[in-house]
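First up is the structure itself, then whatever we jot down about it.
The values are calculated or read from the model by the stated rules, or taken from the named source; none is laboratory data. Every value quoted in this text rests on a predicted model; they were computed, and no experiment measured them. Glycine gets a Cβ as well: all are built from the backbone with ideal geometry, and neighbour counts include every protein chain shown.
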Amino acid sequence: MGTKRQFRIWRGDESGGDLQDYAVEVNEGEVVLDVIHRLQATDAPDLACRWNCKAGKCGSCSMEINGKPRLSCMTRMSTFEDDETVTVTPLRTFPVIRDLVTDVSFNYEKARETPAFAPPADVAPGEYRMQQVDVERSQEFRKCIECYLCQNVCHVIRDHEENKPAFSGPRFFIRAAELDMHPLDAKTDRKEYAQSEMGLGFCNITKCCTEVCPEHIKITDNGIIPMKERVVDRRYDPLVWLGSKIFRRGQVPQTSVTSEHHSGAGSAQSGVHSHAGGSHDARSEAQAQKGVNWHRQVPHPTAPPLDANGKLPLTELTFDKAAAPSPFGDDVTFPLPPEHLNFAHPQQDQPKH
Amino acid sequence: MTSTATRPRGTRARAAIAAKTLRTDRWWFAPLITVVGLSAWVIYATVRVFMHKWYWVEEFHYLTPFYSPCVTDRCVENSAHIGTFLPGWWIIPDAALTLPFLLLFRLTCYYYRKAYYRSFWLTPPACAVPDGHQAYSGETRFPLLGQNLHRYFFYAAAIISIINTYDAIYAFHSPKGFGFGLGNLILLANVVMLWAYTISCHSCRHIIGGRLKHFSKHPLRYRAWTFVSWLNVRHMQLAWITLGTLALTDFYVMAVAAHWFDDLRFIN
């Protein structure tokens, strides 16, 4: 037998809105998302809410419940008093689309700006060998479900919209840390990039990102602070510099990072190839028929179409297809023929020394 | 009710929510207790540092950590282990060689940064509560860029911990010979906690092994890193515990030196 509970839910869109009161039935064992669904089925059929898995693994139902950034599918009603009014609002840091749905494309832009894994030059796929002890630090960050609660709660952009262009946010700091700690990542300037391009210095380690993470990733202690310390290695610690000079060991030498990084989906760099699809070179194709040819040329990917603002049309409401465009390019279809399973090294176009 | 889908475009407005925060819990309690705790400690330490007395118990060789090493010409004989080369002006602390580094070590500590950014500087006072500033540049500019010097102060703090360890061991050898009492145990506990706090520092964790990419190639450093990581999880607790043990140790030495009560001796 359920009981009636009081809810206040923000209703509106970019032109304005306010908190509206609802009395809704709540049953034992339910979570906030269940109550929102009941509201949609009863009093508020036009209430907009983004959700998907109801298991805390898709990161879709992020919202603010009694002022705290939470996943609504993981917030049990039993954590509230029976006479407590539960206030539900959309994420504050991002532009609102409608009701509880916000436009989180800021995060996808920052994701595109974050340099990807760089495979080692002298190791072919299939030959990657890593010790568990070497990858387990990175694996913690792979738990991220991209709910963007950490991005939402970070006061650097939550309270200062003007910092958005210069600040990537905690989710992408742990992405940088994940790759910088990866035993096979060949990119050597992630620390400098994190400091100069991603705005690592804006973080004042007040740990709100860690507090709200539903996956309990120690974002600050295991990701951001180690990255800050790695920046210190390069920029501020002469003892480390001296040690690396004397013993010729440690990490790679100082490199410089410029602001010439690309953003946007269409900025395919020279020499970067699709990791899927067949080659246009007949000889390579013939060789591929005999077995896997790791080094054949493959065509450049076709970037998905962008809208008038130069962004991916990420909403299915307004896109002409049933879902988001393929990140592999529209020229690649699945399943791939087995003989086309391939890998091309990003630097394969560069002359060998 | 029919609704029209809105098309995302360009810069859009955030949800118009009037309340600055909708949190209903006691989010203000943690910053408040931090302000009270840190302020009380700073006031006590300041008073003690400029008191210039009751820091040395000749009978048992107790030296308070606030005066170690004692380096001004005002220092009591036997309390100065490395010489008295600074003038005894009242404004100069008797441990002028170490106190600035200890202060800077704690000031740039990753835990204390969180504590005072939240509680004193309100950036932000609590999660999802607006920070109290019009503009924010974080640690990208002077003077907060100097937080990156934490590692140097860690090196200094490690050296100072060695000095404190020497003091604690030296106190077992009083003019009557070997002996120990409650004061020795307090000095010893303080030193153990100081080491735990110093070693659990994030900079130490990085230097010990965090900066490596291949733990498998450095098994000893990896073991050390796992130990420091275990301590590092408790860095906040150790930060507060050491504030307590420092104040307690100092107070005990002060009380014994001022003859407010006698040291409880177990041997000799």
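With respect to the conditions (1) part of a helix (DSSP H, G or I); (2) more than 8 Å from chain A (Cβ to nearest Cβ), residue B:93 lacks only one, and its number is (1).
Among the conditions (1) within 14 Å of chain A (Cβ to nearest Cβ); (2) under 30 Å from residue A:130 (Cα atoms); (3) buried (at least 16 other Cβ atoms within 10 Å of the Cβ), residue B:199 misses just one, which is (1). Filtered by the rule that a residue be among the small types (Gly, Ala, Ser) and either assigned to a helix (DSSP H, G or I) or in contact with a strand residue (DSSP E or B) (Cβ under 9 Å, 6 or more places away or on another chain) (or both), the range B:96-132 gives B:96, B:115, B:119, B:128.
Apart from one condition, residue A:101 fits all of (1) among the aliphatic types (A, V, I, L, M); (2) touching a residue at least 60 places away in the same chain (Cβ under 8 Å); (3) more than 9 Å from chain B (Cβ to nearest Cβ); the exception is (2). Of the residues that sit in the range A:219-245 and are farther than 16 Å from residue A:154 by Cβ and of a type in the set (Gly, Ala, Ser), which one is modelled with the highest pLDDT? Among those that are farther than 16 Å from residue A:154 by Cβ and of a type in the set (Gly, Ala, Ser), it is A:243.
With the structure loaded, tell me whether residue A:73 is surrounded by 20 or more Cβ atoms within 10 Å (Cβ to Cβ) and more than 14 Å from chain B (Cβ to nearest Cβ) or whether it fails that test. Full working, then the answer.
Details: surrounded by 20 or more Cβ atoms within 10 Å (Cβ to Cβ): yes; more than 14 Å from chain B (Cβ to nearest Cβ): yes.
Judged against the criteria, residue A:73 is a match.
Output the residues belonging to the range A:104-134 that are more than 8 Å from chain B (Cβ to nearest Cβ) and either among the polar types (S, T, N, Q) or on the phi > 0 side of the Ramachandran plot (or both). A:107, A:114, A:126, A:132 - these are the residues of the range A:104-134 that are more than 8 Å from chain B (Cβ to nearest Cβ) and either among the polar types (S, T, N, Q) or on the phi > 0 side of the Ramachandran plot (or both). Look at (1) at positive phi; (2) part of a helix (DSSP H, G or I) and you find that residue A:146 fails only one, number (2). Do we find a residue being touching a Leu at 6+ places or on another chain (Cβ under 8 Å), assigned to a loop (DSSP other than H, G, I, E, B) and surrounded by fewer than 15 Cβ atoms within 10 Å (Cβ to Cβ) anywhere in the range B:246-260? No, the conditions are met nowhere in the range B:246-260. Scanning the range A:1-34 for residues that are within 14 Å of another protein chain (Cβ to nearest Cβ) and more than 19 Å from residue B:15 (Cβ to Cβ) turns up just one, A:6.
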